[in-house]
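Student: Pasting in a structure now, in structure tokens, and then I'll have a few things to ask.
The values are calculated or read from the model by the stated rules, or taken from the named source; none is laboratory data. Note that the coordinates shown come from a computational prediction; the quantities given were computed from them, not determined experimentally. Using ideal geometry, Cβ is built from the backbone for each residue, glycine included, and neighbour counts are taken over all protein chains shown. All accessible areas refer to the heavy atoms of the entire protein, side chains included, with ligands and DNA or RNA removed. Shrake-Rupley method; radii C 1.70, N 1.55, O 1.52, S 1.80 Å.
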Amino acid sequence: MKVLITGGAGFIGSNLVRYFNEHDPLADVVVIDDFSTGHVENLTGLRAKVVEGSILDETVLTEAMHGVDSVIHLGALGSVPRSVERPLESHHANATGTLRVLDNARINGVGHVVVASSSSVYGSNPVLPKSETDWTRPMSPYAASKLAAESYAIAYGRTYQMKTLAFRFFNVYGPQQRAGHPYAAVIPKFLDSALRGEALEMHGDGLQSRDFTYVETVCAVVFEACQQRLNSDSPVNLAFGSNATLLEVVTTIERATGRKLTVVHQDPRPGDVRASRSDGRLMSELFPHVTPVDLETGIRRTLAWFEDENARGSAQHTS
Ligand SMILES: NC(=O)c1ccc[n+]([C@@H]2O[C@H](COP(=O)([O-])OP(=O)(O)OC[C@H]3O[C@@H](n4cnc5c(N)ncnc54)[C@H](O)[C@@H]3O)[C@@H](O)[C@H]2O)c1
């Protein structure tokens, strides 16, 4: 088996390369990444052919697509606030980028493409929990670009008889997801502040809720989707209905670190959704054998990664 992972040097992508290396050692893994937000160090020690370049570049795509069985398209500019500041950049990478990947796969006869969409597409729809049949109403340019991406995946499946599958990821977290940049996600930001002994900055009252999904759970699902060459003409929520508020995340981090943490509340951010929860039904139907990693375990493992990184950093400073 040969898979192409776009955005493979990013957080989820590099975890997925590792997952393939460990669970299907014979699989050839090709990565395309322009390193706009990904890091080459994420791939240290992993087996993958790395093609450096953009998914917007036809030549790069054609080089990487050769002989591939499944494309896992993760390459994108994440973050709602980034898209609020620079909507066109997000559109080019996320919407046009997905169209280019799908079209290059079509031209080169690659019949299976998995596309990363996002729970943010539900936007202002207040219904909870969310099922894939609920209406979408993006609240940010990022969410709009992801809705375009998943729509192209479904349309290509219908139009060109390709096997396509769009997953709506719900707040993925885990090792290799970094803090220390303006668009960092909430769990790495909180863990980083907790380890530095700094106050945790929280937008809003902390009662906003999410289905936090551990990255290994995401990898297990995507891996199985490729093994089975699964397709779907409906997007699929990649979440298991395990919901937590930000305040609950803080208490979980307090238990994991054994520290009492201070929270400083700030104004809510534009584009942020109040509550996000999947009913998890289609996910369990399609992937009955995947057992999700719970929040407590996931946070402890992520904390261990942050501690290792910090130790490596201080070792480098003293050597
Ligand atoms: N992390 C989450 O909670 C979450 C939630 C919903 C959806 N997603 C989606 O999952 C995917 C992976 O997210 P992540 O959290 O690993 O983000 P990430 O930023 O760590 O990874 C994205 C990768 O794509 C690369 N990239 C960006 N633009 C590119 C381009 N034009 N050409 C080639 N490579 C490019 C980046 O360098 C990076 O390595 C993205 O599509 C994201 O929108 C993530």
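Student: Mind telling me which of the residues Asp34, Asp28, Asp103 ends up being more than 10 Å from the ligand (Cβ to nearest atom) and either assigned by TED's automatic domain parsing to the domain that holds Gly313 or open to solvent by 60 Å² or more (accessible area, probe 1.4 Å) (or both)?
Tutor: Asp28
Student: Right, something else. Can you go through His66, His91 and tell me which one is open to solvent by 30 Å² or more (accessible area, probe 1.4 Å), more than 12 Å from the ligand (Cβ to nearest atom) and either over 19 Å from Asp33 (Cβ atoms) or outside the structural domain of Gly271 (by TED's automatic domain parsing) (or both)?
Tutor: His66
Matching residues to (1) under 18 Å from the mean Cα position of the chain (by Cα); (2) of a type in the set (A, V, I, L, M, F, W, C); (3) surrounded by 12 or more Cβ atoms within 10 Å (Cβ to Cβ); (4) part of a loop (DSSP other than H, G, I, E, B):
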{"position": "Leu261", "(1), (2), (3), (4)": "no, yes, yes, yes"}
{"position": "Val273", "(1), (2), (3), (4)": "yes, yes, yes, yes"}
{"position": "Leu282", "(1), (2), (3), (4)": "no, yes, yes, no"}
{"position": "Gly298", "(1), (2), (3), (4)": "yes, no, yes, no"}
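Student: When you look at Glu52, is it more than 13 Å from the ligand (Cβ to nearest atom) and surrounded by fewer than 16 Cβ atoms within 10 Å (Cβ to Cβ), yes or no?
Tutor: Taking the combined requirement at face value, the residue does not satisfy it.
Student: Give region 185-211 a look and list any residue that's open to solvent by 10 Å² or more (accessible area, probe 1.4 Å) and either part of a loop (DSSP other than H, G, I, E, B) or of a type in the set (Asp, Glu) (or both), or say none.
Tutor: Residues satisfying the conditions are Ala185, Asp192, Gly197, Glu198, Ala199, Glu201, Gly204, Asp205, Leu207, Gln208.
Student: I would also like to ask the following. Which pairs turn up if I take residues in region 157-169 that are closer than 17 Å to Ala116 by Cβ and look for partners that are in a helix (DSSP H, G or I) and away from the ligand (no atom under 16 Å from the Cβ) with beta carbon separation below 6 Å, at least 6 apart in sequence or on another chain?
Tutor: Matching pairs, first to second residue: Met162/Tyr156; Thr164/Tyr156; Thr164/Gly157.
Student: While we're here: Counting only residues that are closer than 25 Å to Ser278 by Cβ, give me the helices (runs of 4 or more DSSP H) lying completely in region 14-132 with at least 1 of them. Spell out how you get there, then give the answer.
Tutor: On the way: elements: 58-65, 80-85, 87-90, 97-107.
So the answer is 80-85, 87-90, 97-107.
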